[in-house]
Amino acid sequence: MRKKYIVRLTEEERQKCQEVIRKLQATSRKVRRAQILLKADANGPAWTD
């Protein structure tokens, strides 16, 4: 199956997502989306295809 979207976060965007997750002061929706973005990041150390 081909990838529909390829996510490439900058270092700044990656840090912002990590900050949202670490603080847990945002809504649960925002925290979950930050987790998904980090896992889908092609340049990050997360999931591979």
Q: Search region 1-19 for residues being under 10 Å from the mean Cα position of the chain (by Cα) and of a type outside the set (S, T, N, Q), and hand back the single one that is surrounded by the fewest Cβ atoms within 10 Å (Cβ to Cβ).
A: Arg8
(Q) Please count how many residues of region 30-42 are assigned to a helix (DSSP H, G or I) and under 8 Å from the mean Cα position of the chain (by Cα). (A) 8
Q: Would you be able to tell me the number of residues in region 1-14 that are touching a strand residue (DSSP E or B) at 6+ places or on another chain (Cβ under 9 Å) and in a helix (DSSP H, G or I)?
A: 2
Q) Any idea which of (1) surrounded by 15 or more Cβ atoms within 10 Å (Cβ to Cβ); (2) modelled with pLDDT of 95 or more; (3) out of contact with any Leu (no Cβ under 8 Å at 6 or more places or on another chain) is the one Ala40 doesn't satisfy? A) (2)
Q) So how many residues does region 15-29 have that are touching a helix residue (DSSP H, G or I) at 6+ places or on another chain (Cβ under 6 Å) and either of a type in the set (Val, Ile, Thr) or part of a helix (DSSP H, G or I) (or both)? A) 3
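The values are calculated or read from the model by the stated rules, or taken from the named source; none is laboratory data. Just so it is clear, the structure is predicted and the values come from calculations on it, not from any experiment. In this analysis, Cβ positions are derived from the backbone assuming ideal geometry, glycine residues included, and neighbour counts consider all displayed protein chains.
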